[in-house]
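Student: This is the structure I have questions about; it appears just below.
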Amino acid sequence: VLAVPVLFKQALENTATEEGKSVSLCCELTKADATVVWKKGEATLQASAKYEMKQKGTVAELVIHNAEPEDA
């Protein structure tokens, strides 16, 4: 049995927000409940008060709370 690779149906788009606000980044995958790892450069982001990761079916979402210029 061949494993079907997981691909992006909808990739991330640039999103702007005001400093101190929350911003949501979403992508859609071709396979439900695939493992998603969020990174900033080489650093893997971990769930915290700052970063909230959600996943429902094929949609993965990263919410950045209290956005700062360093989050760009």
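Student: Could you tell me which of Val59, Ala11, Leu45 has its Cα farthest along the dipole of the chain towards the positive end, charges placed at Cβ (Lys, Arg +1; Asp, Glu -1), taken about the Cα centre?
Tutor: Of Val59, Ala11, Leu45, it is Val59.
Student: Which aspartates and glutamates, if any, have their Cα less than 17 Å from the Cα of Lys40, not counting same-chain residues under 8 positions apart?
Tutor: Glu13, Glu52, Glu61, Glu68, Glu70, Asp71
Student: Provide the convex hull volume over Cα atoms per residue for the chain, in Å³.
Tutor: Convex hull volume per residue, Cα atoms: 98 Å³.
Student: Still on this model: Accessible area of the chain with a 1.4 Å probe: how many percent of it is carbon plus sulfur?
Tutor: Percent of accessible area from carbon and sulfur atoms in the chain: 54.
Student: Also, I was wondering about something else. Keeping every protein chain present and rolling a 1.4 Å probe, give me the accessible area per residue for the chain in Å².
Tutor: 77
The values are calculated or read from the model by the stated rules, or taken from the named source; none is laboratory data. As the structure is a prediction and not an experimental result, all values here were calculated from the model. No Cβ is skipped: glycine too gets one built from the backbone with ideal geometry, and neighbour counts run over all protein chains shown. The accessibility values were calculated without ligands, DNA or RNA, using every heavy atom of the protein model including side chains. Shrake-Rupley method; radii C 1.70, N 1.55, O 1.52, S 1.80 Å.
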